[in-house]
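Asks: Here it is: the structure, laid out below.
The values are calculated or read from the model by the stated rules, or taken from the named source; none is laboratory data. Predicted model only: the values in this text are computed from it and were never measured. Here Cβ is always computed from backbone atoms with ideal geometry, including for glycine, and neighbour counts include all displayed protein chains. The accessibility values were calculated without ligands, DNA or RNA, using every heavy atom of the protein model including side chains. Shrake-Rupley method; radii C 1.70, N 1.55, O 1.52, S 1.80 Å.
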Amino acid sequence: MSTQKDIRLPPLSSFERLSSECQHNAEKRTGRQVAIGGPGSCRASTRVGCTSGYLSTWPAHVTSQVVQQGRRHTSGGEIRNHGCGDEFGGPVGKPRFLEQLESYLKKELQALDPQQPKVQERKLQAYREVFGCFIEDFKTYKPLLCAIKNEYEITLAYLRDQIRELEPLRARLVVVSEQCEKRILGLREEERVEIGALKQECQHRQKVIENMRETQSALQTQVCCLQADLAAQYLMYREECDARKLLIANISSMSYGPDEEPEEEQEEVEIEDPVKEKLALKVCREDLTKAQVELNRLHAEYGDVVPRRDWETLDHTHKENLLKLETLQKDFDQMKAEYDTLLEVHKQVTTQSDSLQGELEGFKEASTPRPEWEQCADVLGGSERWADLSQGQSSQRRLEILLAELGGKNSEFFTGLGTSDDVPIYLRYEGQLKNHRLKKNEVVRILKEVWKEKVIEDARRNESSNLPEFLRQHLESQYGEKAGEWAYSLVEGIRQHQKDDSVSLFNDILTGKVDESVYHGQTHLLSNLLKVLIHSDSTESGMLSVQDFRDDLQMAFPLKRAQDIDELVTTAQAELDNNGGSLPYQRLYTEDADGKHKDFLNLVKKQASTERHMYISQLRTQLGGKGEVTVTDLRAAFKNIDPSLEATTLDWVLTMAFQIHQEELEQHTTQMDTELALQNLLAVNVTRAGPAPQQD
């Protein structure tokens, strides 16, 4: 008999501890076997084979395939353990009751057909039966377990009733939503027709108003002309009237006497003729002077006076014109109010139209456009041959013809370039390699994974690794033997999507045209801006006012000009469709389906690239047209244009310009072509550290 050892049992879950304690308490009370029943009237008996204080528990992590060791059969058919040492020393199997329950549950679940309706309720019924058997076996905890089961059953029934009540409401909601959408579309169509009619009526009334204004101006001009003519005619009339009166008076005064004394009077006239003539002449002259004075006075006082009849006519016409003007003014005010209303409605409709246009563009991008089959003519040998192949064919048939013609051009396999040293390390494979035809989003995803893993690896090694070598290691770790297929497929995908900034930058770094510091500079630039924006958002609402957003940009980019900051703010407002309210700045960092940044972040990177080129241009100007430069010349030029540049950063820049190690920098005295050095600087992330010095 094996010696008993103090064995420390592993921690039990709450359910295992409950079942173990229940079994142990039952054996202590009855001192006999505990009969356990299960599906199919199967029974198994288990005894406690250890000294008091140890529980015969079955570990949950041991499978039912373990064959129990150290047991013996008694004459009564019971299975007994040799002792505690045997129980804990050898492999332990599942209790038969648990095996029977699991077997029954597995059999019931396998018998279910997933295609049948209400399959979930059938699965629940199987679990319910197993749980019922489990409750029946635990006599001590049966009331509590039954109460828990009943409470769950009541809750499930209540939830089924709730779902059953909500089903008609959901259908009703769908119907009401469709009706509302139809009604909205109808109202929009009616509003569009009414707006068009109102616009036409407004234009017509504006034309009528302009015609009336022209007519009024012409009538006013005619009135002025008629007034001038009337004054002239009235003056002539008065002068002629006065002249006639004077003539009549003179004639009357010089007229003859009665007819019966003509000869005597004639004699008297003839006798008195000189004296009378003088007197008459004198009187006439005096009368003429008085008449002239009176005429001048009347002309001065009544020169601008018009006849009452004409004045009344003109006054009546003026009143009619005033009434017409008031009517037209009221109509104009009403039309102006209607025009303002229509203008506001037009703005709203324009806003809705722009929104719908944006949705339409999104749908166009998401939907499959109609192919332009004429473009296939250049690939397949001319328009005549393509017309012969595609005339009268359906789109599907044309696609099949095109694929058949291009079968030799778009091969399914790449031919490996070999393993020689002149082949890039990530393409050193031989044989036929499958073309996976990667899409743009797949290419961008792989590139992001490469950058992420490379940054982690460089941080772990505390040094920067070579991108081509790391790309090969990454593909081999991810795809194993198919790394060559993915390498060639990735290079082909990069070649096809060179218009994407991130893909083009990765290709330039991979081929050695650009240094890796350019990518890390862009990443640091964008992440630093996001940190500043988040730090400024004290309410953590994701919103910033326009002024706060402008201040944060100035803080993140202290060397930018005011017009560049204004351009960034304007682009952010346009991208977020904002007209002066708060800006949800976190939406500026979202990407499209292909992983491409939007306008704001593209503008930030574009301005950074422009500033880098301007920095190098200032350096070229500072060098003064030298054909060749030394380390000392370039160091002095950098200090002149950027005095704030740190010494360590300047040393790194000089090593990149002359393509040497930092240890060789002090002893390097060889001159280098100026343009070559500047081209080397354009390939790395060289930025201004401080403001430019003030020039005299």
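Asks: How much length, in nm to one decimal, is gained on full extension between K282 and Y152, taken as 0.36 nm per residue of separation minus their Cα-Cα distance?
Replies: On the way: separation 130, 0.36 × 130 = 46.80 nm, distance 14.35 nm.
Additional length available on full extension: 32.4 nm.
Asks: Ok, one more. If you take the beta carbon distance between V275 and Q233 as r and set R0 to 41 Å, what does 1/(1 + (r/R0)^6) give as a FRET efficiency, to the nearest 0.05? Before the final figure, lay out each step's value.
Replies: Details: r = 43 Å, r/R0 = 1.05.
Working from the Cβ atoms, E equals 0.45.
Asks: Follow-up. Suppose the Debye formula is applied to equal point scatterers at every Cα of the stretch 583-696; what is log10 I(q)/I(0) at q = 0.15, 0.20 Å⁻¹?
Replies: Values returned for q = 0.15, 0.20 Å⁻¹ are -0.71, -1.04.
Asks: Separation between the E646 and I456 pseudo-spin-labels, each 7 Å from Cα along Cα→Cβ, expressed in nm?
Replies: Output for this residue pair reads 2.8 nm.
Asks: Around N528, under 14 Å between beta carbons, what's the net of Lys plus Arg minus Asp minus Glu among the other residues?
Replies: Values: positive: K531, K560, K605; negative: D552.
That sum, taken over residues with Cβ under 14 Å, equals +2.
Asks: Using a Förster distance of 30 Å, how high is the FRET efficiency between E194 and T570, based on the Cβ-Cβ distance and rounded to 0.05?
Replies: On the way: r = 35 Å, r/R0 = 1.18.
After rounding to 0.05, the efficiency reads 0.25.
Asks: In nm, give the distance between the simple-model label positions of T327 and A243, each being 7 Å from the Cα along the Cα-to-Cβ direction.
Replies: Here the answer is 4.7 nm between the modelled labels.
Asks: Enter the accessible area of K448 (Å², nearest 10), with the probe set to 1.4 Å and all protein chains included.
Replies: K448 exposes around 90 Å² with every protein chain in place.
Asks: Are any of the pairs K482/K598; K482/K606; K324/K347; K439/K482; K452/K596; K531/K605 more than 26 Å apart by Cα-Cα distance, and if so, which?
Replies: The pairs that break the limit, which is 26 Å between Cα atoms, are K482/K598; K482/K606; K324/K347.
Asks: Which cross-chain or sequence-distant (5 or more) residues have an amide H under 5 Å from the amide H of E628, H modelled 1.01 Å from N in plane?
Replies: For E628, the qualifying residues are T674.
Asks: Across bins of 10 angstrom width beginning at 0, how are the C-alpha pair distances of the stretch 291-364 distributed, in whole percent?
Replies: Pairs per bin, as whole percents: 15, 17, 15, 13, 12, 10, 8, 6, 3, 1.
Asks: Setting aside same-chain residues fewer than 8 positions from K319, which lysines have a Cα under 21 Å from its Cα?
Replies: Reachable lysines: K330.
Asks: May I ask for the Kirkwood hydrodynamic radius of the stretch 626-679, worked out over all distinct Cα pairs and given in angstroms to one decimal? Before the final figure, lay out the partial values.
Replies: Working: mean 1/r = 0.0890 Å⁻¹.
Taking the inverse mean of 1/r over all distinct Cα pairs, the stretch 626-679 comes out at 11.2 Å.
Asks: Another question, then. Could you work out how far the C-alpha centroid of the stretch 632-656 sits from that of the stretch 511-531, in angstrom?
Replies: Computed from Cα coordinates, the inter-centre distance equals 20 Å.
Asks: Now for a separate question. For F414, what residues show an amide H to amide H distance below 5 Å, using hydrogens built from the backbone and excluding near sequence neighbours?
Replies: Correct list: L433, K434, N435.
Asks: Also, quick follow-up: Please report the net charge: other residues with Cβ closer than 13 Å to the Cβ of H318, K and R +1, D and E -1. Walk me through the numbers on the way to the answer.
Replies: Numbers: positive: K319, K324; negative: D310, E312, D315, E320, E326.
Surrounding charge for H318 is -3.
Asks: Would you kindly find the accessible area of I401, with a 1.4 Å probe and non-protein molecules such as ligands, DNA and RNA excluded, rounding to the nearest 10 Å²?
Replies: We get 20 Å² for I401.
Asks: Using just the C-alpha positions of the stretch 411-497 as equal point scatterers, what log10 of I(q)/I(0) does the Debye formula give at each q in 0.22, 0.25 1/Å?
Replies: Taken in order of the listed q values, log10 I(q)/I(0) reads -1.12, -1.32.
Asks: Based on the Cβ-Cβ distance of T419 and R495, what FRET efficiency does E = 1/(1 + (r/R0)^6) give at R0 = 25 Å, to the nearest 0.05?
Replies: Numbers: r = 22 Å, r/R0 = 0.87.
The computed FRET efficiency comes out at 0.70.
Asks: Sorted by average packing, counted as other Cβ atoms within 10 angstrom per residue and highest first, what order do 307-317, 508-518 take? Intermediate results must be reported in sequence, preceding the final value.
Replies: Values: 307-317: 11.2, 508-518: 16.7.
So the order, starting with the most tightly packed, is 508-518, 307-317.
Asks: When the distances between all Cα atoms of the stretch 119-247 are binned every 10 Å from zero, what whole-number percent does each bin get?
Replies: Distribution as computed: 9, 13, 10, 9, 8, 8, 7, 7, 6, 6, 5, 4, 4, 3, 1, 0 percent.
Asks: Once both labels are modelled 7 Å past Cα along the beta-carbon direction, what's the E136-A562 spacing in nm?
Replies: 8.9 nm
Asks: Less than 27 Å apart at the alpha-carbon level, and either on another chain or at least 8 residues along: which lysines does that give for K106?
Replies: K94, K118, K123, K139, K142, K149
Asks: Related question: Given the Cα-Cα distance of M614 and K290 and 0.36 nm per residue of separation, how much length would full extension add, in nm?
Replies: Numbers: separation 324, 0.36 × 324 = 116.64 nm, distance 9.74 nm.
Fully extending the segment from M614 to K290 adds 106.9 nm.
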